[in-house]
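Colleague: The following block contains the structure, expressed as structure tokens.
The values are calculated or read from the model by the stated rules, or taken from the named source; none is laboratory data. As the structure is a computational prediction, the values presented were derived from the model and not from experiment. Please note: Cβ atoms are built from the backbone with ideal geometry, for glycine as well, and neighbour counts cover all protein chains shown. The protein model used for the area step is the full one, side chains on, heavy atoms only, and it has no ligands, DNA or RNA in it. Shrake-Rupley method; radii C 1.70, N 1.55, O 1.52, S 1.80 Å.
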Amino acid sequence: MKGIVFTEFLTMVENSFSLDMVDTIIEKSNLPSGGSYTSVGTYSHTEIADLVTNLSNESNISIPILLKTFGTYLFHSLARTYPEFVQKTTDPLDFLEQVETYIHVEVRKLYPDAELPTFICSRPNSSRELHMIYKSNRHMEDVCEGLIIGSLEHFKRNCSIQREKISDNQELFIITKADQSP
Ligand code: HEM
């Protein structure tokens with residue numbers, strides 16, 4: 001997993017809790033990297049699971065809520081770091097479809113060793129309803145939901161999100177526009 005994910009996670013912990021909390025969860029986690037990350041480095045995705053587990057223990061906030069909150073935070077920082085990726089459209093559903101076909105394609109050019117999920121998108125019922133099947137062995141479904149929430153906040157559109165587990169490594173997200181505007 002790319003270092004940017006870790007540096008953003010620790011910045012969120014510092015801003016939402018404290019620098020002491022950052023030190024505590026690094027100390028309590030068993031991190032092969034020792035907890036010093038550079039944004040271009042690559043680290044095991046199990047390190048983020050370890051850090052989140054310890055943050056949950058220390059804060060009494062559940063792991064799914066922490067991961068979802070982190071996903072939302074991560075989206076806003078990615079959108080600031082890579083503004084060109086959020087400028088191709090103003091529609092959140094079109095944007096989410098572009099994650100597989102454009103954004104992550106460009107991310108792979110920047111970071112050839114990036115570990116990215118696969119999304120299968122369709123609109124089986126209506127153009128106002130996007131079905132996104134998330135496929136990844138890293139099980140970042142909660143981070144994924146947070147990233148989707150962050151996208152909807154960014155495009156300022158009121159949409160609902162439903163989730164359904166399809167199989168061990170596949171989760172369906174259904175994102176539906178709530179209002180009547182196009
Ligand atoms: C500006 C937009 C975006 C950029 C620049 C971006 C970039 C990235 C990068 C750099 C990673 C880390 C890869 C690694 O650690 O090796 C990543 C992972 C991921 N991205 Fe994106 N992303 C964007 C938007 C989104 C959105 C909107 C979603 C959700 C629909 C999404 C879903 C994910 C997930 C779930 C992962 C974790 C890896 C996994 O589950 O296998 N991304 N992305």
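Colleague: For residues that are open to solvent by less than 50 Å² (accessible area, probe 1.4 Å) and near the ligand (Cβ under 7 Å from one of its atoms), tally how many sit in region 96-126.
Modeller: Within region 96-126, residues that are open to solvent by less than 50 Å² (accessible area, probe 1.4 Å) and near the ligand (Cβ under 7 Å from one of its atoms) number 10.
Colleague: Please state which one of 175, 149 is crowded, with 17+ Cβ neighbours inside 10 Å, under 24 Å from residue 80 (Cα atoms), more than 13 Å from the chain's Cα centre (by Cα) and modelled with pLDDT of 95 or more.
Modeller: Only one candidate passes the filter, namely 175.
Colleague: What about residue 30, is it over 25 Å from residue 108 (Cβ atoms), at pLDDT below 95 and either touching a Pro at 6+ places or on another chain (Cβ under 6 Å) or open to solvent by 70 Å² or more (accessible area, probe 1.4 Å) (or both)? Quick ask: steps written out before the conclusion?
Modeller: Working: over 25 Å from residue 108 (Cβ atoms): yes; at pLDDT below 95: yes; either touching a Pro at 6+ places or on another chain (Cβ under 6 Å) or open to solvent by 70 Å² or more (accessible area, probe 1.4 Å) (or both): yes.
So residue 30 passes the test.
Colleague: Could you give me the residue pairs with C-beta distances under 9 Å whose first residue belongs to region 100-116 and is in contact (Cβ under 8 Å) with a residue 40 or more places away in the chain, whose second residue is part of a helix (DSSP H, G or I) and surrounded by 14 or more Cβ atoms within 10 Å (Cβ to Cβ) wherever it lies, and which are 6+ apart or on separate chains?
Modeller: These pairs meet every condition: 111/4; 114/104; 114/107.
Colleague: Which residues, taken from region 117-137, are closer than 13 Å to residue 170 by Cβ and touching a helix residue (DSSP H, G or I) at 6+ places or on another chain (Cβ under 9 Å)? Even if it seems obvious, please write down each step before you answer.
Modeller: At the first step, the residues of region 117-137 found to be closer than 13 Å to residue 170 by Cβ are 117-120, 131-137.
Residues satisfying the conditions are 117, 118, 119, 120, 132, 134, 136.
Colleague: Also, quick follow-up: Given the criteria basic (Lys, Arg), open to solvent by 30 Å² or more (accessible area, probe 1.4 Å), in contact with a helix residue (DSSP H, G or I) (Cβ under 7 Å, 6 or more places away or on another chain) and more than 10 Å from the ligand (Cβ to nearest atom), does residue 157 qualify?
Modeller: Numbers: basic (Lys, Arg): yes; open to solvent by 30 Å² or more (accessible area, probe 1.4 Å): yes; in contact with a helix residue (DSSP H, G or I) (Cβ under 7 Å, 6 or more places away or on another chain): yes; more than 10 Å from the ligand (Cβ to nearest atom): yes.
So residue 157 fits the description; yes.
Colleague: Quick one: which residue in 69, 90 is loosely packed, with under 15 Cβ neighbours inside 10 Å, touching a residue at least 60 places away in the same chain (Cβ under 8 Å) and not charged (D, E, K, R)? So that I can check it myself, show each step before the final result.
Modeller: On the way: 69 fails: loosely packed, with under 15 Cβ neighbours inside 10 Å.
Just a single option satisfies the conditions, and that option is 90.
Colleague: Restricting to helices (runs of 4 or more DSSP H) lying wholly in region 41-105: which have 2 or more residues that are more than 20 Å from residue 119 (Cα to Cα), in contact with a helix residue (DSSP H, G or I) (Cβ under 8 Å, 6 or more places away or on another chain) and β-branched (Val, Ile, Thr)?
Modeller: Numbers: elements: 46-59, 63-81, 92-98.
Here the list reads 46-59, 63-81.
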